[in-house]
Amino acid sequence: MTDTLTRPGFWTATVHEVRRLTPHLQRIVLRGPDLAHFPRLGAPDESVTIYLPRPGEAAPPPMTLRGEVWGYHDEPHPPIGRNYSVRAVDPAGARLTIDFALHDHGPATSWARQAGTGAGLLLWRCRAWFRPPADTRWLVLAADLSGLPAATRAVAERPPGLPVRVLVDLPDLADARDLLAAAGDDPTVHVDVRVGVGNGHGPGSLADRLRETTLPDGPGYVWVAGEAGECRTARSVLRTVHRLPRDRAVCVGYWRTDSADWERRYARFRPLLDQVYQDGLAAGLNPVEAGDRMEEALERMTR
Ligand SMILES: Cc1cc2nc3c(=O)[nH]c(=O)nc-3n(C[C@H](O)[C@H](O)[C@H](O)COP(=O)(O)OP(=O)(O)OC[C@H]3O[C@@H](n4cnc5c(N)ncnc54)[C@H](O)[C@@H]3O)c2cc1C
């Protein structure tokens, strides 16, 4: 499944409203004239890379264009960027809403925890993966807290009458509040919450639950988002246990356990790993699958 990527460009915005949506989700509404032109990909998992202000700055600096690529090409210390789902976008009101998971530590979660109105952000690169084939008759969504905003949006924007099963791993039952509100009392939406697993506090249950589940009859679609290793296992389960064809499932790694260690190992073997990734694409794999092949190579090299 190839991601859908918009034209290059960036958007600036400031924090308009901050609200603790649930115990571990901070909702931040951004506002700014650029957001009136924010592209809509039409998929509930559309995401954007946000760049955070550097220490002492009110907002990240603008990007520059080199060739056809916008980026921080000439910044010796570029701002930190992280990916987040667009929970809601309102071009008429020039607003965009992001729900930040509050986990133990990290620049983005720390920023979200203490963000005040008026703080500046830069948004770049919109992408989406959720692409059910036209004949889809049911949906299964599986996510941890990081994938919950996109899963909730998928439930909120579901076609009327389409049966949806949602499997989530959350730190607290109350974190499911927005999801349950989106499901309403629709009997075709079934939400199954596991509390206290995954999310950096032990193994997740998503891949195991997908293994044990009986998928509905007929053509459907499975979307999974969460920790990268869990998503890889989920993808393998969907292929080997449920025998789902490639266009019937997408599993996107949203974060990594011990990302600093992964970065160190990746940096050691980067040229080789990038080649494995490119070879995968050349062999017809999609970017997610090529990424998996690269991960497997990295594990073999650093085992
Ligand atoms: C397409 C896409 C959409 C995403 N949408 C959202 C979203 O809407 N809301 C959201 O909260 N996240 C979302 N994420 C995940 C988010 O980008 C990562 O969690 C990111 O690593 C957080 O950055 P950080 O600076 O807080 O922590 P980092 O500096 O990346 O990591 C610091 C430490 O925290 C750990 N960590 C990172 N993320 C998590 C987590 N979620 N739970 C537990 N431990 C973690 C790491 O393993 C590391 O040890 C999305 C990711 C992608 C790729």
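The values are calculated or read from the model by the stated rules, or taken from the named source; none is laboratory data. In this text, all values refer to a predicted model and were calculated from it rather than measured experimentally. A quick note on method: Cβ atoms are made from the backbone with ideal geometry, for glycine too, and the neighbour counts reach across all protein chains shown. Only protein heavy atoms, including side chains, enter the accessible area calculation; ligands, DNA and RNA are left aside. Shrake-Rupley method; radii C 1.70, N 1.55, O 1.52, S 1.80 Å.
3J(HN,Hα) along region 232-238, derived from phi through the Karplus expression 6.51 cos²θ - 1.76 cosθ + 1.60 where θ = phi - 60°, amounts to 5, 5, 4, 4, 5, 4, 5 Hz, with x in place of Gly and Pro. Once you order the gyration tensor axes a ≥ b ≥ c over the Cα atoms, which shape class does region 1-131 get: rounded for a/c under 1.5, otherwise prolate or oblate by comparing a/b with b/c? Judged from the Cα gyration tensor, region 1-131 comes out rounded (a/c under 1.5). Region 173-200 and region 49-85 have their alpha-carbon centroids 34 Å apart. Close amide H contacts of Val166 (hydrogens built in the peptide plane, cut-off under 5 Å, sequence separation of 5 or more or a different chain): Leu141, His190, Val191, Asp192. Lys/Arg Cβ at +1, Asp/Glu Cβ at -1, dipole of region 4-128 taken about the Cα centre: which of Tyr84, Thr97, Ala36 is farthest positive-ward? So the residue furthest toward the plus end is Thr97. Each residue of region 110-124 was assigned a 3J(HN,Hα) from its phi angle through the Karplus curve 6.51 cos²θ - 1.76 cosθ + 1.60 (θ = phi - 60°); the sequence is 5, 4, 5, 4, 10, 4, x, 4, x, 5, x, 9, 10, 10, 8 Hz, with glycine and proline shown as x. Rounded to the nearest 500 deg cm²/dmol, what is the calculated helix-only ellipticity per residue at 222 nm for the chain, with -39500 (n - 2.57) per DSSP H run of length n ≥ 4? It comes out at -8000 deg cm²/dmol, rounded to the nearest 500.
Extending 7 Å from the Cα toward the beta-carbon at both Thr117 and Arg177 defines two label points whose distance is 2.0 nm. Taking all protein chains as shown and a probe of 1.4 angstrom, Leu167 keeps an accessible surface of around 10 Å². A crude spin-label estimate for the pair Leu65 and Leu162, with each label 7 Å from Cα along the Cβ direction, gives 3.6 nm. Given their separation in residues at 0.36 nm each and the Cα-Cα distance between them, Val195 and Arg239 gain 13.2 nm when the chain is fully extended. For Thr257, the amide hydrogen comes within under 5 Å of the amide hydrogens of Ala228, Gly229, counting only partners 5 or more places away or on other chains and with H modelled in the peptide plane. Residues considered: Gly106, Gly32, Gly116. Largest GNM mean-square fluctuation over the chain, using C-alpha springs under 10 Å, is found at Gly106.
Near Ala249, the amide H atoms lying under 5 Å from its own belong to Val222; only residues 5 or more places off or on other chains count, and H is placed 1.01 Å from N. Remark: the Ser259-Arg19 segment gains 83.6 nm on full extension, using 0.36 nm per residue and subtracting the alpha carbon distance.
Taking the Cα centre of region 60-179 as origin and assigning +1 to Lys and Arg Cβ atoms and -1 to Asp and Glu Cβ atoms, the resulting dipole is close to 320 debye.
Farthest toward the dipole's positive end in region 188-290, which of Thr214, Gly200, Thr257, given Cβ charges of +1 (Lys, Arg) and -1 (Asp, Glu) about the Cα centre? Final value for the positive-end residue is Thr257.
Loop-resident trypsin sites (Lys or Arg not before Pro) (DSSP state other than H, G, I, E or B) in region 14-50 with no more than 16 further Cβ atoms inside 10 Å of their Cβ: Arg40. Its Kirkwood hydrodynamic radius, worked out from the mean inverse distance over all distinct Cα pairs, puts the chain at 20.1 Å. Our estimate of slack between Ala88 and Arg270, defined as 0.36 nm per intervening residue step minus the Cα-Cα distance, is 61.9 nm.
Can you classify region 139-255 as rounded, prolate or oblate using the Cα gyration tensor, where a ≥ b ≥ c are the square roots of its eigenvalues, rounded means a/c under 1.5, and otherwise it's prolate if a/b beats b/c and oblate if not? Oblate is the answer for region 139-255, as a/c is 1.5 or above yet b/c matches or exceeds a/b.
By the rule of a second cysteine Cβ within less than 4.7 angstrom, the chain holds isolated cysteines at Cys126. Go ahead and set up a Gaussian network model of the chain, Cα springs under 10 Å, then flag whichever of Asp169, Asp34, Asp104 fluctuates most. Highest fluctuation among the options: Asp104. Note that region 82-94 has calculated 3J(HN,Hα) couplings of 9, 9, 9, 7, 8, 6, 7, 9, 10, x, 4, x, 6 Hz, one per residue in order, obtained from phi through the Karplus relation 6.51 cos²θ - 1.76 cosθ + 1.60 (θ = phi - 60°); glycine and proline are x.
For region 102-133 and region 247-303, write down the distance between their C-alpha centroids in whole Å. The two parts, judged by their Cα centres, are 23 Å apart. As a calculated quantity, the FRET efficiency between Thr302 and Ala36 at R0 = 41 Å, using C-beta atoms, amounts to about 0.30. For the chain, which longest stretch is free of loop sites, where a loop site is one of the GluC sites (Glu not before Pro) that DSSP puts outside H, G, I, E and B and that has at most 15 other Cβ atoms within 10 Å? It runs 158-303.
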